[in-house]
Amino acid sequence: MVRVVFGVLGPTVAAVDGGGALALKGPRHRAVLARLIVARRRVVPVARLVEDLWADPPPGAVGAVQTFVGALRRVLEPERPPRAPARLLVTDGPGYALRTGPDTVDAWRFETALASAAGLPAPKALATLEEALGWWRGPAYAEFADEDWSRGERARLAELRLQAVERRAEAHLALGRPADAVPDLDAHLTDHPWREDAWRLLALALYRQHRQGDALAVLRRAREVLVNQLGVDPGPHLRHLESDILTQTPALDLHPAEPPQHTPAPPAPNRPGPPLPPRGARNRAPGPDTPAPTTSPPPLPPRGARNRALTPNKPPPNNPPPPPTPPDLWTRAAKAYNRTVAKGTRARLESTVGLIRNLAVTGGEGLAEARHHRTAAITAAEEFADPELTARVIGAYDVPAIWTRADDPAAAQQIVAVAERTLAALPTGPHDTARCRLLATVALETRGAAGPRGPEAAREAEALARRLDDPALLAFALNGRFMQSFTQAGLAPQRDAIGAELVELAVRHGLVTYEVLGHLVRLQARAALADFAAADTHAATVDRLAERHELPLVGVFTEWYGALRLSATGQPARAETACRAAAARLDGAGMPGLERGLLPLALLCLRLTHGLPPDPDPRADWGPHRPWAEPFTLIAEGRHTEARTALRALPEPPHDLLYEAYSALEAEAALRLDDRTVLERARTRLRPAAAELAGAGSGLLTLGPVERYLAD
């Protein structure tokens, strides 16, 4: 298979890896390609493409987009047989996605290289940065500079390029090659004179060439530029550097071959102490391969003192220093927090839970890490023997949940046990908010379990949240109610109402993650009711929200919905391809409760829906779905007696999103085995869902109309 690579660090291009450029057609063809690259493998709905391509869309704009996509597919996959599904520029639900590898787009490779350079020894870092900067052929997405959809990505990549230039200069300095750093920094500052770190590096490079006068002149020029153009005074790093150049501080003369064992001197009176090292050296413990950092010098005395400041006889400024750049902000804030908040304190524990909550929505790795750290935080909170603190730590993790099976059942049981103990221990008084969060947590963590406690906790939490009139609290409680709305088949209309309230509440109060949850709930419910026009709208909306707010896991669910949609509309071959692609995306998504066994289950349902031989793979990892697949495996092997035994041993389906799917599988197996007892049992379970598509409420798969099974 030909491997295609893409370039957006300059004009948008596509080429065969190791070969020549591909002949993209007109500007709108390139615009579609660039727009899909900006989306980073996520789906871009056709309606959104139309909005982005035309300020005033003409009649037939949707058809034009489809034509552009068809032409791009022919260029990108020339060897694809006619009518074979595309593997690179794919149709997915309501739109298109470019499913290319992370190393095939120069902008993505640039980001990876820049991140990896921060942890490399100076020689390797320099080589990595030189190569990465060489990939730039002009401004990113050059021909789309005026498009709204490219503006944010162009600005982000431009900032990363500036950082790379400055990190390359840091590497030159760390290797004792200041002369190599000066020309690039001079040119860099001509176009970007507000970059204080670049001024600092240029002055330091000149000083290390024994050009003290030139270094001081650079610092004076920096002050003039910053004051005249931005109206701000130089920050502390520039002021500190000037002071150390004037006093010829030994710390400025670093020798990479013999890194000094430098211990900073205690700060002088009225001086805040040693500054941060350059960005490339932060958070790296010194080692045998780590070059000595180019340290920023101690602070200046007040500018009016001893006629040695940049502007003598001027009183000290009242202006605060400019804020750190975004790449530095996290590091500085974390260091300040570690310095000022004592370890083992309640404040640190509660802050940690807030961080864990944010980590959970960053992607698969973040979600897995958040689960692990969450249980550790709850255990630590309970050790304080303070039920109010424990309630806050448990309740702060109000991460929206859409899948009705726990990813870690043992951890879920542990959390419920601590929540119940905390509810019992909370003193009487004004603790309704804490009680509501604990009850909502119980409702969420008992998802899919039979028994009255989960629904009871959900009802209590919702009642408390409505009485307290707290929008965020009500959204959390409604999530718990959604998780407990699977006590029988046929409750899709009830869940649709929950989703509608979540969307309305979230939009009114700016609760973005709950807005996403509400649309996903409605997508599932409308799919169950075979209202695919509405489900498509919710899928498009949720993809747009996910792209805007960087919520990568959302696309997992909309991609599976696209496969369901293809099956429900009579396209089994395309649906199977889409299922396999969606399953591949689950790899590393951090959702084992969803992932395990889903692909073989979806393929079994697909084949049964379209009258194909079930052909279940007995060696597949069916996960929790095995009991409902086992009868079909035994039937395929001609072991009908054992199949009847397995069928009659089936438990009641879990109270979750697969309730109707399991019931339909039970009915289908009973039909094939002519088992009237099980048929009657399945009919009783399915009858309330007579107007639904079996399994479609999961948003993942379907076995066709429930009415068909009732009639059979």
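The values are calculated or read from the model by the stated rules, or taken from the named source; none is laboratory data. Not measured: the values here are computed from a predicted model. As a convention, Cβ positions derive from the backbone with ideal geometry for all residues, glycine included, and neighbour counts pool all protein chains shown. Keep in mind that these areas ignore ligands, DNA and RNA; they rest on the heavy atoms of the full protein, side chains included. Shrake-Rupley method; radii C 1.70, N 1.55, O 1.52, S 1.80 Å.
A quick yes/no check of all residues on (1) within 16 Å of R239 (Cα to Cα); (2) at pLDDT below 90; (3) surrounded by 16 or more Cβ atoms within 10 Å (Cβ to Cβ); (4) touching a strand residue (DSSP E or B) at 6+ places or on another chain (Cβ under 8 Å):
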{"residue": "L173", "(1), (2), (3), (4)": "no, no, yes, no"}
{"residue": "A181", "(1), (2), (3), (4)": "no, no, yes, no"}
{"residue": "H192", "(1), (2), (3), (4)": "no, yes, no, no"}
{"residue": "E196", "(1), (2), (3), (4)": "yes, no, yes, no"}
{"residue": "L202", "(1), (2), (3), (4)": "yes, no, yes, no"}
{"residue": "R208", "(1), (2), (3), (4)": "no, no, yes, no"}
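Give the range 682-700 a look and list any residue that's in a helix (DSSP H, G or I) and either open to solvent by less than 80 Å² (accessible area, probe 1.4 Å) or in contact with a strand residue (DSSP E or B) (Cβ under 7 Å, 6 or more places away or on another chain) (or both), or say none.
Within the range 682-700, A682, R685, L686, P688, A689, A696, G697, S698 meet the criteria.
Within the set of pairs 6+ apart or on separate chains, which have a first residue in the range 191-216 that is over 15 Å from H172 (Cβ atoms), a second that is part of a loop (DSSP other than H, G, I, E, B) and modelled with pLDDT of 90 or more, and C-beta atoms under 9 Å apart?
A215/R208; A215/Q209
Quick one: how many residues across the range 661-676 are surrounded by fewer than 16 Cβ atoms within 10 Å (Cβ to Cβ) and either of a type in the set (G, A, S) or on the phi > 0 side of the Ramachandran plot (or both)?
Looking only at that region, the number is 1.
For the range 438-468, how many residues are acidic (D, E) and either crowded, with 24+ Cβ neighbours inside 10 Å or closer than 18 Å to I402 by Cα (or both)?
2
Take the conditions open to solvent by 20 Å² or more (accessible area, probe 1.4 Å), without any contact (Cβ under 8 Å) to a residue 40 or more places away in the chain, farther than 24 Å from F486 by Cα and outside any helix (DSSP H, G or I) and apply them to A385. Does it pass? Outline the logic, then answer.
Working: open to solvent by 20 Å² or more (accessible area, probe 1.4 Å): yes; without any contact (Cβ under 8 Å) to a residue 40 or more places away in the chain: yes; farther than 24 Å from F486 by Cα: yes; outside any helix (DSSP H, G or I): yes.
Considered against the rule, which asks whether it is open to solvent by 20 Å² or more (accessible area, probe 1.4 Å), without any contact (Cβ under 8 Å) to a residue 40 or more places away in the chain, farther than 24 Å from F486 by Cα and outside any helix (DSSP H, G or I), A385 comes out as yes.
Given the residues A578, A582, A540, which is the only one that is closer than 20 Å to A97 by Cα and in contact with a Pro (Cβ under 7 Å, 6 or more places away or on another chain)?
A540
For the condition assigned to a helix (DSSP H, G or I) and either open to solvent by 40 Å² or more (accessible area, probe 1.4 Å) or modelled with pLDDT of 95 or more (or both), what is the one hit in L679, L703?
L679
Could you identify the single residue in A582, A620, A589 that is crowded, with 22+ Cβ neighbours inside 10 Å and of a type in the set (G, A, S)?
Working: A620 fails: crowded, with 22+ Cβ neighbours inside 10 Å; A589 fails: crowded, with 22+ Cβ neighbours inside 10 Å.
Checking each option against the conditions leaves just A582.
Within the range 217-238, which residues are closer than 15 Å to D197 by Cα and over 37 Å from the mean Cα position of the chain (by Cα)?
Once the filter is applied, which keeps residues that are closer than 15 Å to D197 by Cα and over 37 Å from the mean Cα position of the chain (by Cα), the range 217-238 yields V218, L219, R220, R221, A222, R223, V225, D233.
Which residues, counting only those in the range 407-429, are open to solvent by 40 Å² or more (accessible area, probe 1.4 Å) and either under 16 Å from R348 (Cα atoms) or within 29 Å of the chain's Cα centre (by Cα) (or both)?
D407, D408, P409, A410, Q413, Q414
Of the residues P85, P139, which is farther than 20 Å from H192 by Cα and either among the basic types (K, R) or touching a helix residue (DSSP H, G or I) at 6+ places or on another chain (Cβ under 8 Å) (or both)? Show your work before the answer.
Details: P139 fails: farther than 20 Å from H192 by Cα.
So the residue among P85, P139 that is farther than 20 Å from H192 by Cα and either among the basic types (K, R) or touching a helix residue (DSSP H, G or I) at 6+ places or on another chain (Cβ under 8 Å) (or both) is P85.
Got a number for residues in the range 507-533 being touching a residue at least 60 places away in the same chain (Cβ under 8 Å) and either open to solvent by 30 Å² or more (accessible area, probe 1.4 Å) or farther than 22 Å from F486 by Cβ (or both)? Walk me through how you get there before you give the answer.
Of the residues in the range 507-533, the ones touching a residue at least 60 places away in the same chain (Cβ under 8 Å) are 513-514, 516-517, 520-521, 523-525, 527-530.
Then drop every residue that is not either open to solvent by 30 Å² or more (accessible area, probe 1.4 Å) or farther than 22 Å from F486 by Cβ (or both), which leaves 513, 529-530.
Final tally of qualifying residues: 3.
Can you list residue pairs whose Cβ atoms sit under 8 Å apart, with the first residue in the range 121-148 being without any contact (Cβ under 8 Å) to a residue 60 or more places away in the chain and the second being assigned to a helix (DSSP H, G or I) and surrounded by fewer than 16 Cβ atoms within 10 Å (Cβ to Cβ)? Count only pairs 6 or more apart in sequence or on different chains.
T128/S116
Which of the residues belonging to the range 1-28 are in contact (Cβ under 8 Å) with a residue 24 or more places away in the chain, in a loop (DSSP other than H, G, I, E, B) and either of a type in the set (G, A, S) or open to solvent by 60 Å² or more (accessible area, probe 1.4 Å) (or both)?
Result: M1, R3, G10, P11, D17, A23, K25.
Residue check, W135 against (1) farther than 30 Å from A55 by Cβ; (2) open to solvent by less than 50 Å² (accessible area, probe 1.4 Å), all met but one. Which one?
Status for W135: all satisfied but (2).
For the range 474-506, enumerate the residues that are part of a helix (DSSP H, G or I), out of contact with any Pro (no Cβ under 6 Å at 6 or more places or on another chain) and surrounded by fewer than 19 Cβ atoms within 10 Å (Cβ to Cβ).
Result: P493, Q494, A497, A500, E501, E504.
Tell me whether the range 95-113 contains one or more residues that are without any contact (Cβ under 8 Å) to a residue 60 or more places away in the chain and over 30 Å from T558 (Cα atoms).
Within the range 95-113, one or more residues are without any contact (Cβ under 8 Å) to a residue 60 or more places away in the chain and over 30 Å from T558 (Cα atoms).
What are the residues in the range 80-120 that are among the β-branched types (V, I, T), over 28 Å from A540 (Cα atoms) and open to solvent by less than 20 Å² (accessible area, probe 1.4 Å), if any?
none
Could you grab me the full set of residues in the range 29-63 that are open to solvent by 50 Å² or more (accessible area, probe 1.4 Å), under 21 Å from R137 (Cβ atoms) and assigned to a helix (DSSP H, G or I)?
Within the range 29-63, R30 is the sole residue that qualifies.
Test of understanding: among T433, T390, T404, which residue is free of Cβ contacts under 8 Å to residues at least 40 places away in the same chain, surrounded by 15 or more Cβ atoms within 10 Å (Cβ to Cβ) and of a type in the set (S, T, Y)?
Only one candidate qualifies: T390.
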